[in-house]
Amino acid sequence: MYFRCLVGHATVIAYLHRFGLEESDTCSCDGNRDDINHWLFQCKFNSTASVYMMNELATLGVPFPQSQTSLLYSSTRNSSIRKTLWDFFKRARRKI
Ligand SMILES: [Zn+2]
């Protein structure tokens with residue numbers, strides 16, 4: 001999962017829609033486009049895991065708002081950020 005996110009191939013709905021595997025590119029939680037950014041920070045199905053992740057990142061001094069691109073890039077250089085992301089992947093209710 002982590003590496004698929006890093007290279008932009010995470011199987012979020014917008015990604016699957018691009019290949020004709022989903023009719024729409026939106027998430028059923030709120031009707032917004034379901035990209036990696038939505039899945040990490042905005043998806044209502046993952047809200048508990050997202051809040052936990054953002055609190056952990058705040059303790060690491062990671063500024064917000066944060067794009068998934070900069071967060072994922074930072075995680076390649078910082079093992080604490082990488083661990084926090086892996087914890088999010090485990091805690092996320094909606095798996096991708
Ligand atoms: Zn959602």
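Laboratory data are not the source of any read-out in this text; all were calculated from the coordinates shown. Given the structure is predicted, the values throughout are model-derived calculations rather than measurements. Methodologically, a virtual Cβ is constructed for each residue, glycine included, from the backbone with ideal geometry; neighbour enumeration extends over all protein chains shown.
Quick one: Karplus J couplings for the range 25-34, per residue in order, coefficients 6.51, -1.76, 1.60, θ = phi - 60°, nearest Hz, x for Gly and Pro? With coefficients 6.51, -1.76 and 1.60, one gets 9, 9, 8, 6, 6, 8, x, 7, 4, 9 Hz.
In the chain, Rg over Rh equals 0.96, where Rg is the alpha-carbon radius of gyration and Rh the Kirkwood radius from pairwise Cα distances. Taking the fewest neighbouring Cβ atoms within 10 Å as the starting point, the ordered list for Cys29, Cys43 is Cys29, Cys43.
Model label points for Phe45 and Glu22, set 7 angstrom from Cα along the Cα-to-Cβ axis, are 0.8 nm apart. Each Cα pair under 8 Å and six or more residues apart adds its separation to the average, and for the range 1-46 the resulting relative contact order is 28 percent.
Amide hydrogen proximity for Thr26: with H placed 1.01 Å from N in the peptide plane, the residues at 5 or more positions away or on another chain lying under 5 Å are Asp34.
As a length-normalised measure over Cα pairs under 8 Å and 6 or more apart, the relative contact order of the chain settles at 28 percent. Annotation: the residues Ser50, Ser80, Ser28, sorted from fewest to most other C-beta atoms within 10 Å of their own C-beta, follow the order Ser28, Ser80, Ser50.
Gain on full extension, evaluated as 0.36 nm per residue between Lys83 and Ser67 minus their Cα-Cα distance, stands at 4.0 nm. Karplus-based coupling profile of the range 52-67, in residue order and whole Hz: 4, 4, 5, 5, 4, 5, 4, 5, 8, x, 7, x, 10, x, 10, 7, with θ = phi - 60° in 6.51 cos²θ - 1.76 cosθ + 1.60 and x standing for Gly or Pro. Round to the nearest 10 and give me the degree value, 0 to 90, for the angle of helix 68-77's Cα axis relative to the longest principal axis of the chain. Once rounded, the angle reads 40 degrees.
Ordering Asp34, Asp25 from the fewest to the most neighbouring beta carbons within 10 Å gives Asp25, Asp34. Cα centroids of the range 1-46 and the range 48-70: 18 Å apart.
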